[in-house]
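Okay, so here's the structure we're looking at.
The values are calculated or read from the model by the stated rules, or taken from the named source; none is laboratory data. Here the structure is a predicted model, which means the values were calculated and not measured. Don't worry about glycine lacking a Cβ; one is built from the backbone with ideal geometry, like all the others, and counts go over all protein chains shown.
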Amino acid sequence: MKIKSASFVISKPNWKDCPDAIIPEYAFIGRSNVGKSSLINALCNHKGLAKTSSTPGKTQLINHFIINEKWYLCDLPGYGYAKVSKKSREEWGKMIRGYILNRTNLMNTFVLVDSRIKPQQIDVDFMLFLGENGIPFSIIFTKSDKLKQKDLAANVKAFEETLYRHWEELPPYFITSAEKKIGKDKILQYIGEINPMFEQP
Ligand code: GTP
Ligand code: MG
């Protein structure tokens, strides 16, 4: 699939205020600073579309982008930023749980993990939450430009082994780099395959 147009729609703190759920939607989530917003920009060939920052905690709201006038990409605030207060963490949890569990047009959630590091409990816990609630998801390994092929393969394998402790079958995964534009085509192809499964409400 080719992206012909991509534009920002709206930012909201609550799923109830998000755009009408009448076209397919794909969410990007993962730890703060993992590269969600950067990957959205890379996918859309549009540098300033989603706001990025080298400081964690940049994305604070539920952000909708409309692609090809036909489907939504949703950029979500990240989890696991150590400097966040307990209250903010609880609010994040409420916002994200509300969004994930109620957004009826959500076709797939992409959970982004940093390809440079070994499996983190917080990522596994989030995937378990999705699994327990029957929310379809896939995994995106980010920043693959930052490490050697051998180390990348070892980290992916470690992640798979961790997940096999919980599941017999694993979700699809993608290796990406927003910097080097790696993995874009596969993700877009995947979305293109899922889009026709959307049922109009
Ligand atoms: P929050 O909104 O704070 O949750 O972060 P985010 O997950 O949206 O991360 P963001 O896209 O803002 O990127 C965080 C930092 O990582 C920025 O400094 C990016 O330039 C950098 N970054 C993102 N993707 C890549 C990548 O593929 N390669 C490299 N080398 N750096 C990346
Ligand atoms: Mg962001």
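Entry remark, segment 182-201: residues being in a loop (DSSP other than H, G, I, E, B), more than 29 Å from Gln121 (Cβ to Cβ) and not aromatic (Phe, Trp, Tyr) number 3 in total.
Among residues that are without any contact (Cβ under 8 Å) to a residue 40 or more places away in the chain, surrounded by 13 or more Cβ atoms within 10 Å (Cβ to Cβ), polar (S, T, N, Q) and within 19 Å of Arg31 (Cβ to Cβ), Thr142 is not included. When every residue of segment 18-31 is checked against the conditions, none turns out to be modelled with pLDDT under 95 and either among the polar types (S, T, N, Q) or in a loop (DSSP other than H, G, I, E, B) (or both).
Cβ separations smaller than 8 Å between residues 6+ apart or across chains give the following pairs from segment 169-181 residues that are part of a loop (DSSP other than H, G, I, E, B) to residues that are at pLDDT 95 or above and aromatic (Phe, Trp, Tyr): Leu170/Tyr164; Pro171/Phe137; Pro172/Tyr190; Thr176/Phe141.
As for segment 82-94, it holds at least one residue that is under 27 Å from Ser11 (Cα atoms) and surrounded by 16 or more Cβ atoms within 10 Å (Cβ to Cβ). Tallying residues that are assigned to a strand (DSSP E or B) and under 22 Å from Val84 (Cα atoms) within segment 1-17 yields 2.
Being in a loop (DSSP other than H, G, I, E, B), more than 7 Å from ligand 1 (Cβ to nearest atom) and touching a helix residue (DSSP H, G or I) at 6+ places or on another chain (Cβ under 6 Å) is a property that Leu43 lacks. Take the conditions (1) among the hydrophobic types (A, V, I, L, M, F, W, C); (2) surrounded by fewer than 16 Cβ atoms within 10 Å (Cβ to Cβ); (3) over 19 Å from the mean Cα position of the chain (by Cα); Leu128 misses just one of them, which is (3).
Filter segment 54-77 down to the residues that are modelled with pLDDT of 90 or more, part of a loop (DSSP other than H, G, I, E, B) and either touching a Cys at 6+ places or on another chain (Cβ under 7 Å) or within 11 Å of ligand 2 (Cβ to nearest atom) (or both) and list them by number.
Leu61, Leu76, Pro77
Taken residue by residue, segment 107-120 has at least one member that is over 19 Å from Gly183 (Cβ atoms) and either part of a helix (DSSP H, G or I) or touching a strand residue (DSSP E or B) at 6+ places or on another chain (Cβ under 9 Å) (or both).
Out of all the residues in segment 28-53, which are more than 12 Å from ligand 2 (Cβ to nearest atom) and touching a Phe, Trp or Tyr at 6+ places or on another chain (Cβ under 8 Å)? Result: Cys44, single match.
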